[in-house]
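This report refers to the structure that appears directly beneath it.
The values are calculated or read from the model by the stated rules, or taken from the named source; none is laboratory data. This is a predicted model, so every value here is computed, not measured. Please note: Cβ atoms are built from the backbone with ideal geometry, for glycine as well, and neighbour counts cover all protein chains shown. Please note that ligands, DNA and RNA were not included when accessible areas were found on the heavy atoms of the full protein model with its side chains. Shrake-Rupley method; radii C 1.70, N 1.55, O 1.52, S 1.80 Å.
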Amino acid sequence: MNDVRCEIWNQDCIAGMGERLGPESVDLVVTSIPFEELFTYSGKPEDVGNNGSSLDIRAGRFALNMRFVVDAAFRVLKPGSNFCCHIQQLLAYKVQHGFMGRRDFRGAMIDVFGAGGFKYVGEVAIGKNPQAMAQKLKLHS
């Protein structure tokens, strides 16, 4: 049996990958990125999740800041390795986005990661009960 070693660092992922991980040293990444401004994890401007909600996700501040994450992750992943990323589609609000409905966060992130050198290979959908979600989030869409 192989020895398993695990280290946990409490620091920014971009700075941490740059300081602690060599090029092509990681076999697998499994993560859940912030969903634009859906959740706020800190008050820091460098927190990717604090970077604006826009109609065009690909051209907004969020995608611009995600490029730093993508570049850092691409540098440390071994060729042929996987970056598994949990995401969800985002809602559009009449007051904020000019219409009610959904915004294609999934497609935008596929484009952002693709521009950073990643190859899209597939997805797994996690089913949710739409009525329960609408009640929980007080949605009208």
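Each Lys and Arg Cβ is given +1 and each Asp and Glu Cβ -1; about its Cα centre, the chain then shows a dipole of about 560 debye. Look at where the Cα atoms of region 30-97 and of region 5-24 average out, and the two centres are 19 Å apart. Among beta bridges from DSSP that stay inside the chain, the antiparallel ones total about 35%.
Rolling a 1.4 angstrom probe over the protein heavy atoms with all chains in place gives the chain an accessible area of 70 Å² per residue.
Within region 42-141, the chymotrypsin sites (Phe, Trp or Tyr not before Pro) that combine a DSSP coil assignment with at most 13 other C-beta atoms in a 10 angstrom radius are Phe99, Tyr120.
Quick check: the angle from helix 61-76's long axis to the longest principal axis of the chain, C-alpha only, nearest 10 degrees? Approximately 20 degrees, to the nearest 10. Going through [x] 2, 8, 16, 21, 18, 16, 10, 6, 3, 1, 0, 0; [y] 2, 11, 22, 25, 21, 13, 5, 1, 0; [z] 2, 9, 19, 22, 19, 13, 8, 5, 2, 1, 0, 0, the figure that equals P(r) over Cα pairs in 5 Å bins from 0, in percent as computed for the structure here is [x]. Using the Cβ-Cβ distance between Val29 and Ala132 with R0 = 25 Å, the FRET efficiency computed as 1/(1 + (r/R0)^6) comes to roughly 0.25. Remark: relative contact order (region 1-120) = 27 percent; criterion is Cα-Cα distance under 8 angstrom and separation of 6 or more residues. Per-residue ellipticity at 222 nm, computed for the chain from helices alone with -39500 (n - 2.57) per DSSP H run of at least four residues, works out to -9500 deg cm²/dmol.
Taking a Cβ cut-off of under 13 Å around Ala108, the surrounding Lys, Arg, Asp and Glu residues balance to a net charge of +2, with basic ones at +1 and acidic ones at -1.
Between Asn82 and Ile14, the FRET efficiency from the beta-carbon distance, with R0 = 22 Å, is close to 0.65. Here Lys119 and Lys44 are evaluated by their C-beta separation; at R0 = 41 Å the FRET efficiency comes out at 0.85.
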